[in-house]
Each structure stands twice: as C-alpha cells, then as structure tokens.
Amino acid sequence: MFNRLTSTLTLYRLYNTPMKMVATLSFLALGLIGASAATPSLRFAKRNSPNGCADGVPSQAAVAGAINQWNSDVTTVNDFLDVATSLQGLHLQLQLVVALRAANDEPDQLQILACASDVSPSTVAQAAADDLFTGFGPNVLTPLSNILNDPSSITQNLQLINQFRCCHVLPDLDTLWSFTAEDDGVANQVPLSAPRPAACASIYC
C-alpha cells in the first residue's frame, strides 16, 4: 500500500494541472479507501491472545520500536485532527492522506505489543489490546476513509473519531505502553502515555 501511495503522490506532483490534480487525487482516494476498508478484517482478525502470535514473543528492541513508532503515528493523526476543520479541498485531502497512512500503521504496532509475554488473559494490558482490536477499525479507520470519500461528512466523522480516540484508544495506549515497557525494561526509552489532540480537553468519556 505504501509503495502505491508514494507512486501516486509522485504522479500528483508531476501532473499538477487542475483537471489532472482532481483525477489523480480521486485515484489516490479510491486506493486508500479500499485499503482502509480491508484493514479491520485483515489485521484485527489475526489474533485474540498472545498465545496466537505466529512470530513469537517480541524482543526488547521490538517492543521499544513499536511504542516509539506508534507514538509517531498518534502524533501525526493528532496533528491532522487539530487542524482538520480549517482545511478545505486539496489541502484537506492531502493532509488526510498523511493521517490515514499513519493510522493504518497503528494496527501493525498493536500486533507487536499484543504479543508481548506480559500481555495475557485477565491483565489490564490484554483488556486494552482487545478494545483496540475490536474498535479501532470501525471508529477510526473507517471514519477517516469516509472523510476522504466525502469531505462534506467531516463534522460527524471527526466527532466519532475524537470520541473514540479520546475515550478508548489513547487511554488504552497509556495502559499498553506502560505495561509492556516496564515489563520489558524499556520504560526509560519510550513514552509511557499517548499524546492527546486538543479535542480531548472538551470530550466527556
């Protein structure tokens, strides 16, 4: 997907006449919408417990890398959400592409951390992972794709995204990151809580 995205953005820069920009962006939107629509069923169905991890227990370096990358993804999505309502047209859609790419990477980092040895049934970390496996796709990825497909739907989709991220995703990350980082001895190398977008200050959970 990322190679297709890079190629499409290159085409966008080359073919930047008004009509060709619209055509190229439409092609990009269709590709991302298709990829995002498939993401929940493909990625979130991989496993339900650490015992089902095909690649085994992640190393200390893998845990630290996953948390740091996930933090970067969250920051990218936050940056978009903080300015989304002020964007229009191509500016909205191009910045949304960046946010959607970051959001699509989050399940990969979840897959790594959910396989850590300390994430086991009846732990708060497992509960956090389960909440993310279940809700991230329909409440974050799908609404982002909806905005890309229909920018006029931005208000209701942003409300859904912010409500779920502020009340579920980001608190779950606080739990999962701190739990796995401390157990793997990397608490001094990674953030232990997720950054919040401005919208969280006004959302009641």
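Every number here is computed from the coordinates shown, using simple stated rules; none is lab data. Computed from a prediction, not measured in an experiment: that's the story for all the values here.
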Notebook entry, point to check: What relative contact order, as a whole-number percentage, does the stretch 55-205 give when Cα pairs under 8 Å and 6 or more residues apart are counted?
Noted result: 32
Next item on the list: Report ³J(HN,Hα) in whole Hz for each residue of the stretch 88-94, in order, from the Karplus equation J = 6.51 cos²θ - 1.76 cosθ + 1.60 where θ = phi - 60°; Gly and Pro get x.
Entry: 9, x, 4, 4, 4, 5, 5
Next item on the list: Return the whole-Å distance between the Cα centroid of the stretch 60-127 and the Cα centroid of the stretch 145-205.
Entry: 8
Check: For CYS205 and GLU182 in one chain, what is 0.36 nm times their gap in residues minus the Cα-Cα distance, to one decimal in nm?
Finding: 5.6 nm
